[in-house]
Amino acid sequence: MNYPYQITVIDDQRLKNSNEDIKFGHYFVFRQVPRKPQGRLARLCSSQIHQEVLPLVNESVLMVGDDVKVNLLPRPLERVSCLVSNRDLYRAERDPVHLFIAVPKPPADLRLQVTWYDEPFCHRVVTLPEGVAIETFALLLPGRYTAQLTSDEQRLGLPVNFTVAEYQLAPLTGRLVSHQLDRESQYLWFELAVDSYQQPFTEKLFVALIEEGKTIDRIGLLPVTPGHYTGGLPLRGENALRLRLIAAADY
């Protein structure tokens, strides 16, 4: 296996006597040096290990301790970056879009490019004083958006996709957490987890019991905790059943 550097030992005997443990990888060198503890630690242990990790990049010559010299070959490195949206789905002209950006040692010309249906929408110059920031977009029109970090026309990291939608009815996502069929009382007891726009639903909810396409019965429920509903409905037949969820405001 070829490594992009050359190792030179300056004093082999002195390195052996120092008992240093040095291991080389592709991008880092790991060095462990035994040291005699000082002060009160000397009464607890006879030796102490000092560990250090040195990067094998951005230098032409690297000294590992006093006895090992590493001549590094130049190699291109991709800048580490992160771009994340706080949600995947937003309500048009209502929900702000928050994009979290993290770039250690960001370039001076860092930009955020946003497209709408693959057409240029806007671009911003991004400043990251501490290597992180949140960019916010408000009152966006419906559509499919893609955001990408760039520097000198070069893309950094992976793009993030999100959708802004316009609904007359609030989209509900329900998950059946648990259920129990009580044959003695002929009741179906259930526990639901309900989201709307990827947020816990907190309004009144109608739950209907459906059998062979027909509504057997329905019940209105308020959340026990945000997004958490429990209730029961009477049974009638022996066929397959399903639950239909409807927001009370849309009924």
Range in the chain, longest, excluding exposed GluC sites (Glu not before Pro) [loop by DSSP; at most 16 other beta-carbon atoms within 10 Å]: 1-58
Relative contact order (%) - the chain, alpha-carbon pairs under 8 angstrom, separation at least six: 12 percent
The chain: most fluctuating residue of LEU62, LEU235, LEU140 per GNM, C-alpha cutoff 10 Å: LEU62
Most mobile listed residue (GLY232, GLY213, GLY157) in the chain, GNM with C-alpha springs under 10 Å: GLY213
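From largest accessible area down, sort PHE121, PHE206; use a 1.4 Å probe on the protein chains. Walk me through the numbers before you get to the answer.
Values: PHE121 95, PHE206 35 Å².
Of PHE121, PHE206, the descending order of accessible area is PHE121, PHE206.
Run the dipole for the chain about the Cα centre, Lys and Arg Cβ at +1, Asp and Glu Cβ at -1, nothing else charged, and hand back the magnitude in debye, nearest 20.
The calculation lands at about 740 debye.
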GNM top mover of LYS23, LYS214, LYS105 - the chain, alpha-carbon springs below 10 Å: LYS23
Within the range 125-143, backbone nitrogen closer than 17 Å to the virtual label 7 Å beyond the Cα of TYR117 toward Cβ: 140-143
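Using a 1.4 angstrom probe on heavy atoms only, work out the carbon and sulfur share of the accessible area of the range 66-109 in %.
Details: 1440 of 2670 Å².
The nonpolar share, carbon plus sulfur, comes to 54 percent.
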LEU140 long-range amide H proximity, modeled H, under 5 Å: GLU93, ARG94
Options [x] 1, 5, 9, 9, 8, 8, 7, 7, 8, 7, 7, 7, 6, 5, 3, 2, 1, 0; [y] 1, 6, 11, 13, 12, 11, 9, 8, 7, 6, 4, 3, 2, 2, 1, 1, 1, 1, 0, 0; [z] 1, 6, 13, 16, 17, 15, 12, 9, 5, 3, 1, 0, 0 - which one matches P(r) over Cα pairs in 5 Å bins from 0, in percent as calculated here: [x]
Mean ellipticity per residue at 222 nm, deg cm²/dmol - from DSSP H runs of n ≥ 4 across the chain, formula -39500 (n - 2.57): -500 deg cm²/dmol
Under 29 Å between alpha carbons - lysine pairs in the chain that sit 8 or more apart or on different chains: 8
Probe 1.4 Å - accessible area at TRP189, Å² to nearest ten: 110 Å²
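The values are calculated or read from the model by the stated rules, or taken from the named source; none is laboratory data. None of these values were measured; they are calculated from a predicted model. Cβ: placed from backbone, ideal geometry, glycine included. Neighbour counts: every protein chain shown. Side chains are part of the model used for accessible areas, which takes the heavy atoms of the whole protein and leaves out ligands, DNA and RNA. Shrake-Rupley method; radii C 1.70, N 1.55, O 1.52, S 1.80 Å.
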